Protein chains: 2
Amino acid sequence: MTYGMIATWRMAYDGVAEMTKELQKGKDAGDALVEAIKQVEDYPFYKSVGYGGLPNEHCILEMDAAYMDGNTFDIGAVAGIQDVKNPIAVAQSLSHERFNSFLVGSGATKYAKNAGFECQNMLTERAKRLWELRMEEIQKHNLSPYDGHDTIGAVSLDIHKKMVAGTSSSGLFMKKSGRVGDSPLSGSGFYVDSEIGGATATGLGEDLMKGCLSYEIVRLMGTGLHPQQAADQAVYQFAEKLTKRKGKAGAFSLVCMNKSGEWGVATNVEFSFVVATEHEAAEIYLAYPAENQTTRIEIASKEWLAAYETRIKKPLD
Amino acid sequence: MTYGMIATWRMAYDGVAEMTKELQKGKDAGDALVEAIKQVEDYPFYKSVGYGGLPNEHCILEMDAAYMDGNTFDIGAVAGIQDVKNPIAVAQSLSHERFNSFLVGSGATKYAKNAGFECQNMLTERAKRLWELRMEEIQKHNLSPYDGHDTIGAVSLDIHKKMVAGTSSSGLFMKKSGRVGDSPLSGSGFYVDSEIGGATATGLGEDLMKGCLSYEIVRLMGTGLHPQQAADQAVYQFAEKLTKRKGKAGAFSLVCMNKSGEWGVATNVEFSFVVATEHEAAEIYLAYPAENQTTRIEIASKEWLAAYETRIKKPLD
C-alpha cells in the first residue's frame, strides 16, 4: 500500500500535500498528478507554468506539457499550446490516443478547443508587466534575454502500484516563438516505468535534451540503484561530460521516485522540491550540488519560504 | 581514417553513396549528412520526406527534422514546419544556437523564412492526388486513416572522428494538424556521441518515443557491445516489453554505427536500409526480425529494387 509523490520546485507543495492524501485513499496516480499540476498551472503568482506564466519574445504565452503512464508507457504531450487553462489535462487526454498523441502549435490549441478543454487568456497583467520591464532591461543593459525555466515536473505512485510522470511549463521567458524545451520530450523531461520508477527534470531544456537524463535515471534505478544514487550518477556524470565537450552545462535539476516510494534528487544549482510518501508528510526541501558528485538536501527554512513568498508577490513598478 | 554512413530506407542510397565518397576526402560528418538527407527531401517520389511528402488530414504538409552533433551534443530540431525546402538544413542551423534550438509550428516556419532558407510549396500534385484517393478509401471502407511513416534517419562518421545523426520526415500520412512523432525527439528519433557511436529510428513515432531506443542503443554500444548486438538487445527487448504492457507494439526499425564504422540494425518489420564505409561500397540491404531476438540481413535483390521503383512511380487514377 505504498504511495507517494515528488515534484520540482516549492510551487508544487500545495498540490503534492493535498494529492498524497488522496493517493492514500486509493486515487489513481495519473489523476492525482494531474490535479497537483493543475494547482500550479492555476496559481497566478507562479510565473513559469500555466496562468501567470511569462510569455515569449512577442508577449505571447506558449506552453508545453506531458503525461506518461508507467503501466502502458502511453505518452501524451503538447508544445507551444496557447489559451488553454490546463495543458497537463490536455496531455493526459492525448495519452489515450494510439496515434497523434503529441501535438504542437496551432494544431495542439485547436485540438484542446475542439475537445472541450477550458480556454482562457493565460497572460496576466503581472506577466505582461514583467515582460515590459524585462524588455526595457534588455535594451538598456544589452542582456541576453533568456531567463527562467522552472518547469513543474512530478512523479506519482498510487496504492495500485501504478506510476505516472508529468510536466507543465511556459518555457524559457522571452523564448523565440515556437521554442520547445525538454518538458514535453520523453526521456528528457520525464520518464516512468511502474515496474521501476519515474523521473522528471527542470532546467535549461536545450541542454537537458542532450542527455536524456530522465530515462537514464529510471534505467539506473532498474539496475537496483537507490533513487538518490541513480540521480547523482546520471546528473553529475552527464553535467561533467557536457562541460568537457562544450565548455559549459546549463542548469539541471531532476527528481525521481521508485516503485517502493524511495526518492532521490540531483542538481547543479540551488533547487527546491517537494516530496510526500506513506512515511513522510509533505515537505519543501532545498537541494545543492555537493562534493564527489553527491547532493546536499535540507528542509527549506521559514526564512527561505518567507523570502520566496515576498519575491513572487513583489509589487511591480 | 575510418568513415561511414548508415541510413534508413532504400531512398537513402544516392545520398549515402555520394556522400561517403566526400567523407573519404575529408568532408565534415554534419555537412555530409545534411547533403545526403537533402537529396531525399528533394526527390519528389519519396512520399514520406520533404518535397512530395504526404500531407496531414487537412492536406497540409507539415515536416519534422533534427540534427545532433556527437562532439558537442548540440541539437537542432523543427516540428510541424511548412513550406521549407530542406528542414534538415534548418535543424543543422538551429543546432548552433544555445537557446531556442528546437522550434515548432509557425515559429519554426517563420524562423526558417527570416533566416533565408529556401521556401517553396512542398505539396506535389501526386501527393495531393494520393491524399484524395486515401480520403475516398477511408470513407468507403471505414479505415483507420493512419499509414506510412518512413523517416529518413542517418548517422555519419568522418575521418576527423566526428559523428552526427539526423532525421527528416513528413510524419504520419493523414496525421492530425500539429502531430509530432519521434523524429525530432532526442533519444527517440536519434542520438549520437562521437566517443561511442550514433543511432536513428523510423517507425511509429508514438511508440518509439515510449522506449528512447536511439539513446539506449548508443548507451549499449558504450558498454562495449557491437552495434548489431546493441540494436538487437535494445529493440527486441523493448518491443517485447511494450507488447506485454500494452498488448501491441508499432513498427520499430533502427540503424546504428559506432566510432569504428561498425554498424547494426534491428527491426520488427521488413525494413530496407543503406550503409557504406571505408571497407564496404554503398549497398541497399533488407532486414527482418529473426529468431531469438536477432536480425536477418540480406542484400536487396534486383527484383526487389525494380518492384520498389515501379511502386513509387505507379501512375495514379
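Quick notes
- Using Cβ point charges alone (K and R +1, D and E -1), the dipole size of the protein assembly as shown about the Cα centre works out to roughly 580 debye.
- Cβ crowding within 10 Å, taken as a proxy for footprinting-reagent exposure, orders A:Leu242, B:Leu172, A:Leu143 from fewest neighbours to most as A:Leu143, A:Leu242, B:Leu172.
- The distance linking the stretch A:60-108 with the stretch A:151-217 is 13 Å (Cα centroid to Cα centroid, whole angstrom).
- Highest-MSF residue in chain A out of A:Gly52, A:Gly224, A:Gly105 [GNM, Cα springs under 10 Å]: A:Gly224
- Chain B, closest residue to the rotation axis toward A, by beta-carbon, whole angstrom: B:Gly105, 1
- Cut-off 15 Å between beta-carbons: net charge of the residues surrounding A:Arg98, Lys and Arg +1, Asp and Glu -1: 0
- Local electrostatic count, A:His226, Cβ distance below 13 Å [Lys/Arg +1, Asp/Glu -1]: -1
- For B:Lys241, the label point sits 7 Å beyond Cα toward Cβ; its separations from the matching points on the remaining copies run 1.8 nm, from shortest to longest.
- Considering only B:His279, B:Gly178, A:Ile88, the residue lying farthest towards the positive end of the dipole of the protein assembly as shown is B:Gly178, judged by Cα position with unit charges set on Cβ.
- Given charges at beta-carbon only (K, R positive; D, E negative), |dipole| of the stretch A:207-317 in Debye: 600
- With its label point put 7 Å out from Cα toward Cβ, A:Glu136 sits 6.4 nm from the same residue's point in the other copies, in order from shortest.
- Normalising the average separation of contacting C-alpha pairs (under 8 angstrom, six or more residues apart) by the number of residues puts the relative contact order of the stretch A:4-313 at 20 percent.
- Eigen-decomposition of the gyration tensor built on the alpha-carbon atoms of the protein assembly as shown gives equivalent ellipsoid semi-axes of 38, 26, 24 angstrom, largest listed first.
- The order of A:Phe102, B:Phe117, A:Phe252, A:Phe73, going from fewest to most other C-beta atoms within 10 Å of their C-beta, is B:Phe117, A:Phe73, A:Phe252, A:Phe102.
- Of A:Tyr285, A:Tyr146, A:Tyr191, the residue with the greatest mean-square motion in the GNM of chain A, using alpha carbon springs below 10 Å, is A:Tyr146.
- Formal net charge of residues neighbouring B:Phe271 (Cβ-Cβ distance under 13 Å; K, R +1; D, E -1): -1
- The stretch B:1-48 versus the stretch B:297-317: alpha-carbon centroid distance in Å: 20
- The stretch B:4-312 - charge dipole about Cα centre, Lys and Arg +1 at Cβ, Asp and Glu -1, debye rounded to 20: 740
- Label geometry 7 Å along the beta-carbon vector: B:Glu18 inter-copy distances in nm: 6.0
- Shape category assigned to the stretch A:4-313 from the gyration tensor of Cα positions, a/c cut at 1.5: rounded
- Max mean-square fluctuation residue, GNM over chain B, Cα-Cα springs under 10 Å, options B:Asn292, B:Asn121, B:Asn258: B:Asn292
- Estimated inter-spin distance, B:Gln24 and A:Glu118, nm [label 7 Å along Cα→Cβ]: 6.6
- Here the scattering of the stretch A:197-277 is modelled by Debye summation over its C-alpha atoms, one equal scatterer each and no solvent; at q = 0.13 Å⁻¹ the log10 of I(q)/I(0) is -0.35.
- Summarising the label geometry, the points placed 7 Å from Cα in the beta-carbon direction at B:Glu137 and A:Glu270 lie 6.1 nm from one another.
Readers should treat all values here as calculations from the given coordinates under stated rules, not as data from a laboratory. Only a predicted model underlies this, so the values are computations on that prediction, with no experimental measurement involved. Here Cβ is always computed from backbone atoms with ideal geometry, including for glycine, and neighbour counts include all displayed protein chains.
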